[in-house]
Amino acid sequence: MLPISHINGPGAIPSGPFSFFFPDNVPTMNVLVLNAGSSSLKFQLIDTDLDMIAGNRDRRLARGVIERIGSQALISFENAAGNIVRTAQPIRDHRGAIDAALRWLVSDEAGIEGVSSLSAIHAVGHRVVHGGEKFTNSTLITPEVIKGIEECIALAPLHNPDNLRGIRAATEIFGPGIPQAVVFDTAFHQSMPEASYLYALPYQLYRRYKLRRYGFHGTSHRYIAYRYRTILGIPKSDVNVITIHLGNGCSATAVKGGRSLDTSMGLTPLEGLVMGTRSGDIDPAIIEYLMAMEGFGIEQVDALLNKQSGLLGISGLTNDMRELLAEEREHGDRRARLAIEIFVQRIKKYIGAYLAEMNGTDAIIFAGGIGENSAEIRSRICRDMGWCGLRLDEERNAKLVAGAEGEITADGSTLRAYVIPTDEELLIARDTVRLVERAELPR
Ligand code: ADP
């Protein structure tokens, strides 16, 4: 884990009991951000406020991961001082996981100033993967919202039920007195026009099943676009960029006028760029071919495309970009090189497509584990892009790693490139605070 530090600079607001108006009239809240997976729970406690343009006051107080829920769970907690606690204990379900996290958060061991009981947690923000067409924004949780998330289960059978488990467990623990919000991975992309989101399939399939492109990583793309306009001091309507999130999952978004115009992931996160273990775009006829030639059932094809493909599938070695780069560098491994080459080429294709679709753009922005840390991959993606005005400054590029933010193109480059470390949890915390305060969401 990266060390926790103040987000975007030193924190000015002390944590403490909730108050709508702190000394300088800035409301502040401790928001517990929860991301519930099938057998895991990730959380962060963020002290955040409504002041986002001056901003930079939010403080990450703690974070943690609980894995293997349902058996002997592996726990890793970290406080703002960077003290990490790793333990293992049996945890039955998500409720048990949240209980364990809360017990630690209020403990002397965590040592979080002002957080010694549950009452120091003022709101909960949940990440939910799929909001379908119903949710175009983050929203406070109500019984209708829960019903809406349930209705989206068919679209995300692997994720929404787990997210709901997290919401139900938090509701049991905190009771009705504490506001909870949901932030959807798909919501940012709901601004896509029909021409971007419809597949060229019989139209009645869209009518009948809402079969269409939804896009994911929306919170990340939205955060990056938001941060870009904050850095440049421009209005949302002037944000014309291609945001490229490269983590284990990878996606690119054409952001025009501050809104998602098109994105590379589709009905599910499988479409688009090459990822750690996902294929990204393929000819759909491959599925039938595999079923015929290998005798695969649909589950095996699904596992092959989602879990055994991408960087791992091509290299036969690993889904980890750092290791692939090391293999290529140290052993000249041919398939590691090939995996990287195909990964880079796919990204270039999408940049080209979005430049054409957007009628040109102002900047390309990299984020995610690979986008934020690998100057080498960024350099390969931006190579030979002088034709569209992008000239990388290799020195600037090499310097921006490990959470650093800034421009990587040379002065005078007409298409600029930036690295902006993403922070989905921060945006979830900010959305939650603003929903509770009935303020406008950051967009
Ligand atoms: P997730 O999508 O699970 O949140 P991350 O955003 O943390 O994942 O990204 C994980 C990817 O980032 C891995 O492929 C990892 O190898 C890669 N990565 C992290 N640091 C580096 C680095 N210094 N050089 C190249 N790749 C890196």
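The values are calculated or read from the model by the stated rules, or taken from the named source; none is laboratory data. Model, not experiment: these values are computed from the prediction. As a convention, Cβ positions derive from the backbone with ideal geometry for all residues, glycine included, and neighbour counts pool all protein chains shown.
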### Query
What is the one condition in (1) free of Cβ contacts under 8 Å to residues at least 12 places away in the same chain; (2) surrounded by 14 or more Cβ atoms within 10 Å (Cβ to Cβ); (3) more than 26 Å from Asn319 (Cβ to Cβ) that Arg337 does not satisfy?
(3)
### Task
State all residues of segment 280-305 that are without any contact (Cβ under 8 Å) to a residue 24 or more places away in the chain, surrounded by 12 or more Cβ atoms within 10 Å (Cβ to Cβ) and in a loop (DSSP other than H, G, I, E, B); if no residue qualifies, say none.
Ile282, Phe296
### Message
Take the residues in segment 240-259 that are surrounded by fewer than 24 Cβ atoms within 10 Å (Cβ to Cβ) and small (Gly, Ala, Ser); name whichever of them is farthest from the chain's Cα centre (by Cα).
### Response
Gly257
### Task
Identify all residues within segment 95-152 that are aliphatic (A, V, I, L, M) and not in a helix (DSSP H, G or I); write none if there are none.
Val106, Ala110, Ile112, Val115, Ile121, Ala123, Val124, Val128, Val129, Leu140, Ile141
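For segment 346-368, enumerate the residues that are touching a strand residue (DSSP E or B) at 6+ places or on another chain (Cβ under 7 Å) and within 16 Å of the ligand (Cβ to nearest atom).
Listed by number, the residues that qualify are Ile347, Ile365, Phe366, Ala367, Gly368.
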### Query
Quick check, is Thr277 away from the ligand (no atom under 12 Å from the Cβ), of a type in the set (S, T, N, Q) and in contact (Cβ under 8 Å) with a residue 40 or more places away in the chain?
no
### Message
List pairs: first residue in segment 374-391 and more than 20 Å from Ala326 (Cβ to Cβ) and touching a residue at least 12 places away in the same chain (Cβ under 8 Å), second residue within 16 Å of the ligand (Cβ to nearest atom) and in a helix (DSSP H, G or I) anywhere in the structure, Cβ distance under 7 angstrom, at least six positions apart or on different chains.
### Response
Leu390/Cys382
### Query
Among the numbered criteria (1) assigned to a loop (DSSP other than H, G, I, E, B); (2) over 28 Å from Leu61 (Cβ atoms), which single criterion is violated by Pro176?
(2)
### Summary
Among the residues of segment 242-267, the number that are polar (S, T, N, Q) and either free of Cβ contacts under 8 Å to residues at least 40 places away in the same chain or within 15 Å of the ligand (Cβ to nearest atom) (or both) is 4
### Task
Take the residues in segment 306-317 that are within 15 Å of the ligand (Cβ to nearest atom) and outside any helix (DSSP H, G or I), then tell me which one is nearest to the chain's Cα centre (by Cα).
Ser309
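Each row is one residue, and each column tells you yes or no for (1) of a type in the set (Ser, Thr, Tyr); (2) surrounded by fewer than 19 Cβ atoms within 10 Å (Cβ to Cβ); (3) under 20 Å from Thr48 (Cα atoms).
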{"residue": "Glu109", "(1), (2), (3)": "no, yes, no"}
{"residue": "Gly114", "(1), (2), (3)": "no, yes, yes"}
{"residue": "Ala123", "(1), (2), (3)": "no, no, yes"}
{"residue": "Arg127", "(1), (2), (3)": "no, no, yes"}
{"residue": "Gly148", "(1), (2), (3)": "no, yes, no"}
{"residue": "Asn160", "(1), (2), (3)": "no, no, no"}
{"residue": "Phe188", "(1), (2), (3)": "no, no, no"}
### Query
Which pairs do you get when a residue that is closer than 13 Å to Asn248 by Cβ and in a strand (DSSP E or B), found in segment 359-373, comes within reach of a residue that is more than 16 Å from the ligand (Cβ to nearest atom) and at pLDDT below 95, reach meaning Cβ atoms under 8 angstrom, with the pair 6+ apart or on two chains?
none
### Query
Can you pull out the residues in segment 318-339 that are under 22 Å from Asp281 (Cβ atoms) and more than 10 Å from the ligand (Cβ to nearest atom)?
Arg335, Ala336, Arg337, Leu338, Ala339
### Query
Tell me, which residue of segment 369-382 that is touching a strand residue (DSSP E or B) at 6+ places or on another chain (Cβ under 7 Å) and over 16 Å from Gly276 (Cα atoms) is nearest to the ligand (Cβ to nearest atom)?
Arg378
### Task
Please enumerate the residues belonging to segment 320-339 that are out of contact with any strand residue (DSSP E or B) (no Cβ under 9 Å at 6 or more places or on another chain) and of a type outside the set (D, E, K, R).
Leu324, Leu325, Ala326, His331, Gly332, Ala336, Leu338, Ala339
### Task
Identify all residues within segment 396-419 that are away from the ligand (no atom under 13 Å from the Cβ) and either among the aromatic types (Phe, Trp, Tyr) or assigned to a loop (DSSP other than H, G, I, E, B) (or both); write none if there are none.
Glu405, Ile408, Ala410, Asp411, Gly412, Ser413, Thr414, Leu415, Tyr418
### Task
Might you let me know whether segment 26-34 holds any residue that is surrounded by fewer than 22 Cβ atoms within 10 Å (Cβ to Cβ) and either within 28 Å of Arg229 (Cα to Cα) or at pLDDT below 85 (or both)?
yes
### Query
What tally of residues in segment 147-166 results from selecting those that are without any contact (Cβ under 8 Å) to a residue 60 or more places away in the chain and closer than 21 Å to Arg434 by Cβ?
2
### Query
Mind checking which residues of segment 421-443 are more than 13 Å from the chain's Cα centre (by Cα) and surrounded by 24 or more Cβ atoms within 10 Å (Cβ to Cβ)?
Ala429, Arg430, Asp431, Thr432, Val433
### Query
Within segment 190-225, which residues are part of a helix (DSSP H, G or I), of a type in the set (Ser, Thr, Tyr) and at pLDDT 95 or above?
Ser191, Ser196, Tyr197, Tyr203, Tyr206, Thr219, Ser220, Tyr223
